[in-house]
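The values are calculated or read from the model by the stated rules, or taken from the named source; none is laboratory data. Computed from a prediction, not measured in an experiment: that's the story for all the values here. Every residue, glycine among them, receives a Cβ derived from its backbone with ideal geometry; neighbour counts consider all protein chains shown.
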Amino acid sequence: MEIRRVNGNLIDCAITLVAIVCLSIGCGESPAPSTIEDHALVSTWVDETLFLTQYTPSNSPTYASRVMGYIGLTMYESVVHGFPEYQSLAGQLTDLDSLPLPKPGAVYNWPIALNAGQAQILRSLYNQTSDANKVTIDSLEEALFATLTYGVADEVVERSVEYGQEVASSIFDWSQDDGGHRAYLRNFDKDMVHPEWPGSWKPPLYAQSFSHYPLHPYWGDNRRFVPANAWMPIPEIISYSRDTTSPYYQQFLEVYEQDLELTQDQKEIAIWWGDDPDESFTPPGHSYFIANLAVKANRPSLIKSAETFARVGMAVADAFINCWKWKYHHFSERPNTYIPEMIDPEWVSFWPDPPFPAFPSGHAIQAASSATVLEDLYGPEFHFIDSSHVNRKRDEVRDVDFRPRTFETFWGVAQETADSRFFGGIHTPQDNEVGLQNGRKIGEHVNQLKWNVNSDEI
């Protein structure tokens, strides 16, 4: 199912799905068995999630990452008890001691439970979206329900719907005290007193956002999904120096020299991974999108499809929390501050600055965390074309088109995502290197949860 705008008008993804379902089962005629494969059911809800992420106002990358953590977890927990070789994450995640259990001996239809759970959690987490967008959730749920329930006993249908909704409600209740509940109401902090020292971050003059106030400066205090990610040490940063022979100066000189010789391909990379929240489904949404490409290509079982988005969602959510903790701890400057002062007073980065400190790179850390869990699930090699931005208008300011990107590995995505910020002139090499290193660790902690009953990991 494709979600897009045509000539500025929103294409209702639910209507598209209804048309597909009607063609396959003959709506208005005698009913036919469900033709929706398990992986396609999951992918359809991921498409809806990405649609809401892109078209819900004030949906920052930080908030979007949080939402995907809870949506992916709900997907997994709504079906996990239907697969004896898998186990719930209740008791493994931070402060999540228990979740609703199926009734012993009762029969459930797990796709129906997943359908109900996804609709419920999306309504709860995106309560601030438009009424028109809320209609797409309802319409999608109803369209899928119509085909999933064909030939299923009424009591099984009712029981399965109730269970999916119970899981979603329980996870949403748990989400409300994590520190990020309704954070879209307080994106930019006007009251924060900026610390000042040599090399400290200053609000950008050339900005990506309409606001120059810092984005979610206390996001790093939020609860992590995986306890091990809360125990990670603060990474070290190269010490500030004005000495032209110092490692610190060399970091910014690399950015400056790269900008002087940007190729057209590097410019395309820089804008492709920008994922401005006003124009796209945000950086964590891009990771969710790539995970969906992997699911569509591999066509895994229902449980593995759901596990994919639980892992990716929690990985990018914890990556943003840790990254924001470290960003506001170091409160480090970006090239647009240091280079004009020390190297070239006329210099301006190719890509505009975002409204928060530099070190480490949020793009790098979340992309690395996602790549790490996808490698564990599907292996390191994955040939695919990312066409997510091909319909966007040409960037006339930078004289660059949005051209699809081709990859052979999951890690290649993480590396290019990090490189894009260097080509854009808003991150130094150390921002990206530390982001990639720590993103991999965060993803490994997600992988080490006891997903399988025979797992020895913890």
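If you filter the range 196-208 down to residues that are modelled with pLDDT of 90 or more and under 23 Å from residue 322 (Cβ atoms), you find that the one that is surrounded by the most Cβ atoms within 10 Å (Cβ to Cβ) is 201. Candidates 53, 74: the one that is in contact with a Phe, Trp or Tyr (Cβ under 7 Å, 6 or more places away or on another chain), among the polar types (S, T, N, Q) and not in a loop (DSSP other than H, G, I, E, B) is 53.
In this structure, is residue 153 in the same structural domain as residue 59 (by TED's automatic domain parsing), among the hydrophobic types (A, V, I, L, M, F, W, C) and loosely packed, with under 15 Cβ neighbours inside 10 Å? Against the criterion (in the same structural domain as residue 59 (by TED's automatic domain parsing), among the hydrophobic types (A, V, I, L, M, F, W, C) and loosely packed, with under 15 Cβ neighbours inside 10 Å), residue 153 qualifies. Among the numbered conditions (1) within 19 Å of residue 46 (Cα to Cα); (2) in contact (Cβ under 8 Å) with a residue 24 or more places away in the chain, the only one that residue 387 does not meet is (2).
With respect to being within 19 Å of the chain's Cα centre (by Cα) and either of a type outside the set (Val, Ile, Thr) or under 21 Å from residue 60 (Cα atoms) (or both), residue 455 falls outside the description.
Let me spell it out: the conditions are (1) in contact with a helix residue (DSSP H, G or I) (Cβ under 7 Å, 6 or more places away or on another chain); (2) crowded, with 18+ Cβ neighbours inside 10 Å, and residue 178 meets all of them except one. Which number is the exception? The single condition residue 178 does not satisfy is (1). When residue 387 is tested against the conditions (1) modelled with pLDDT under 95; (2) over 30 Å from residue 235 (Cα atoms), the lone failure is (1).
For (1) under 18 Å from residue 368 (Cβ atoms); (2) of a type in the set (Lys, Arg); (3) without any contact (Cβ under 8 Å) to a residue 12 or more places away in the chain, each residue gets a yes or a no:
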{"position": "295", "(1), (2), (3)": "no, no, no"}
{"position": "302", "(1), (2), (3)": "no, no, no"}
{"position": "309", "(1), (2), (3)": "yes, no, no"}
{"position": "317", "(1), (2), (3)": "yes, no, no"}
{"position": "327", "(1), (2), (3)": "yes, yes, no"}
{"position": "341", "(1), (2), (3)": "no, no, yes"}
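Name the single residue that is farthest from residue 176 (Cα to Cα) among those in the range 83-136 being surrounded by 16 or more Cβ atoms within 10 Å (Cβ to Cβ) and either among the hydroxyl-bearing types (Ser, Thr, Tyr) or outside the structural domain of residue 66 (by TED's automatic domain parsing) (or both). It comes out as 108.
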